[in-house]
Amino acid sequence: MENPYLPYPVRIEETTIETEDRNIKSFRVAFLNPEDEKKFSYRPGQFAELSVAGTGECPLGIASSPTESGFLLFTVNKAGLVTTRLHNMGKGDILGVRGPLGNCFPLDEMEGKNVVLIGGGFAFTTLRSTIVYMLASENRERFGDISVVYGARNEGMLLYKDALAEWQERSDIEMHITVDCSDDPFCQYHIGFVPGITEQKITSSENSVAIICGPPIMIKFTQPVLEKVGFSSEGIIMSLENRMKCGIGMCGRCNVGAEYVCKDGPIMTLAKLNTLPKEY
């Protein structure tokens, strides 16, 4: 049995500054050993621990898709010691990746259904993974209509701008991108908060499931919008973040009642959350 605390060594191949405040940066990394890449079999929605030797590790949603071979993508918000150290690293530097961890979005159960993906700000990482996976030529026919509502504070805080532009050009996905406010009188996006744009654009729940990833306040006000148009609590799926540390349910820091977000989640339906203490 392999040591679950031992990370795989990876090398940074490329970095991208995502936001105008330069506090969010994406890292494209490749495994040093091909055998490790084969072992690291993941699904959209899962996360991993990204580590810097001598500093520590932090849990991050995997932003790449299993359909993108040869690399992993992590998007890092500079918020503490480890993430600041990561932001100071560049091409050729060595990191550790431990995982994949947690559960994934129930994509097999979503086959044949319309899928609504709702994201806000930095939490769009695992939604990127899911969208890329569903749009892949070998998977697209497995799903019905795909609709995306994605919001950020302003244009400069949107992630993955090249991918967003590419998806907007496609005919097999509906993109509704919004910003809270804009100084640009010719802003190409909607102006408004995610719950309001969701209410305008998502008007049917027929044969549909919804995935929500975002700050707690966004999730709080988006849930009633979805329920109003008929989404069941089983059909509303969320990705939680709750003080995860070890990633394997040993340290107990991320428990919600008897559940561990890192092991039993981070993906949970609203129906499941309704059975748990209101700690999330």
Taking R0 as 25 Å, what FRET efficiency do you get between Glu138 and Ala30 from their Cβ-Cβ distance, rounded to the nearest 0.05? 0.65
Which of the chymotrypsin sites (Phe, Trp or Tyr not before Pro) found in the stretch 143-222 are loop residues per DSSP with 12 or fewer other Cβ atoms within 10 Å of their Cβ? Phe186
Looking only at Ser26, Ser171, Ser233, which one moves most when the chain is put into a Gaussian network model with springs between Cα atoms under 10 Å? Ser171
What is the Cα centroid distance between the stretch 51-66 and the stretch 103-170, reported in whole angstrom? 21
Residue by residue, what Karplus-based ³J(HN,Hα) values in Hz, rounded to whole numbers, does the stretch 16-24 have, using 6.51, -1.76 and 1.60 with θ = phi - 60° and x for Gly and Pro? 9, 7, 8, 10, 5, 7, 6, 8, 10
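Using a cut-off of 11 Å between beta-carbons, work out the net charge of the residues near Glu68 (Lys and Arg +1, Asp and Glu -1, Glu68 not included).
Combined, the nearby Lys, Arg, Asp and Glu give +2.
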Loop only per DSSP, at most 16 neighbouring Cβ atoms within 10 Å: give me the GluC sites (Glu not before Pro) in the stretch 112-221, ordered by residue number. Glu138, Glu206
Proximal charge balance of Phe31 [Cβ under 10 Å; K/R count +1, D/E count -1]: 0
Listed by chain and number, the lysines with an alpha carbon less than 24 angstrom from that of Lys228, same-chain partners under 8 positions apart left out, are Lys113, Lys201, Lys220, Lys272, Lys278
With springs connecting C-alpha atoms under 10 Å apart, model the chain as a Gaussian network and identify which of Thr203, Thr19, Thr130 has the largest mean-square fluctuation. Thr203
How charged is the neighbourhood of Phe122? Take every other residue with its Cβ under 12 Å from the Cβ of Phe122, and add Lys/Arg as +1 and Asp/Glu as -1. +1
Suppose R0 equals 25 Å; then what is the FRET efficiency for Glu234 and Asp183 from their Cβ-Cβ distance, rounded to the nearest 0.05? 0.05
For the chain, what is the percent of antiparallel DSSP beta bridges, rounded to the nearest 5? 60
Rg to Rh ratio, the chain, alpha-carbon atoms and Kirkwood radius? 0.95
Taking 8 Å as the Cα distance limit and 6 or more residues as the minimum spacing, I'd like the relative contact order of the chain as a percentage. 17
Once you've got the GNM for the chain with C-alpha springs shorter than 10 Å, pick whichever of Arg85, Arg28, Arg98 has the biggest mean-square fluctuation. Arg85
Contour minus Cα-Cα span, Lys113 to Thr275, at 0.36 nm per residue, comes to 55.8 nm
Go ahead and estimate [θ] at 222 nm for the chain from helices alone: -39,500 (n - 2.57) per DSSP H run with n ≥ 4, summed, over the residue count, rounded to 500. -5500 deg cm²/dmol
Given H placed on each backbone N at 1.01 Å, which residues far from Leu117 in sequence or on other chains put an amide H within less than 5 Å of it? Ser147, Val148, Val149, Ile211
Full-extension gain between Ser41 and Ser204, please, as 0.36 nm times their residue separation minus the C-alpha to C-alpha distance. 55.2 nm
Listed with the fewest Cβ neighbours within 10 Å leading, Ile219, Ile173 appear as Ile173, Ile219
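No lab work stands behind these numbers, since they all come straight from the coordinates. All figures in this text were calculated on a predicted structure; none of them were measured in a lab. Cβ atoms come from the backbone with ideal geometry, glycine included; neighbour counts cover every protein chain shown.
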